[in-house]
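Remarks on the structure that follows.
Throughout, read-outs are computed from the coordinates displayed, never taken from laboratory work. Here the structure is a predicted model, which is why all the values come from computation and not from measurement. Reconstructed Cβ throughout: ideal geometry from the backbone, glycine too, with neighbour counts over all protein chains shown.
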Amino acid sequence: MQDRTLLLSLRPEFADKVFAGTKRVELRRIRPRVEIQGLVLVYVSTPVRAIVGAFRVREVIERSPAALWKEVREHAGVTRRQFDAYYLGAPKAYGIFLNSVKRFREPVELTHLRELWPGFHPPQSYRYLDFYQARLVLPNRTR
C-alpha cells in the first residue's frame, strides 16, 4: 500500500455508475496528487454516507475541457450539459481513468468512520488518508 490514499467523495448516481462499470473516468477540475496504480477509496455522499469501495488509477490526463470531452465522453458517465456546467470557466480539466474497481462487501458507514477518527468530516471533493488511516478502512473489505 502506498503512503497516501485518496478518499474521493462522489454523489450516489455517479458512484453507482462507477461500480456498474459505465463510468470509467472520474472528472475533476483540480488534479489530485495520485500515482498510477494508486489506491482511491470512494465515499458516497448523502443519503448513503459511507465508503463503499475502491479503485486503482490507470492514468490521469490533463486537457482543455473541450479536448477532454472529446476523449472521455463515452466513459465519463455524464451528459454534455453536465460536463459543460461542471467545467464552466475552468481552463483545465482532468480525467482519472479507473482500474480494478471493487465494491466492498460491507460499506464503512460515516458513524464508524467517526469512531475510527473522532471529528472526521467527509470531504466535499477529496482528501488524503495516510497509510494507517487507510489500513483501518481496508481489511477484508474487497474480497
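Computed values, structure above
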item	result
Approximate spin-label separation Ile30-Asp130, in nm, with each point projected 7 Å along Cα-to-Cβ	2.1
Helix runs (DSSP H) in the chain reaching 27 Å along axis by Cα, Kyte-Doolittle at least 0.5	none
Relative contact order of region 9-143, defined on C-alpha pairs under 8 angstrom at six or more residues apart (%)	31
Ellipsoid semi-axes in whole angstrom, largest first, where each is sqrt(5λ) of the Cα gyration tensor of the chain	26, 15, 14
HN-Hα J in Hz across region 110-124 - Karplus 6.51, -1.76, 1.60, θ = phi - 60°, x for Gly and Pro	4, 4, 5, 4, 6, 6, 5, 10, x, x, 4, 10, x, x, 5
In nm, spacing of pseudo-spin labels at Leu116 and His75 (7 Å Cα→C-beta vector)	2.8
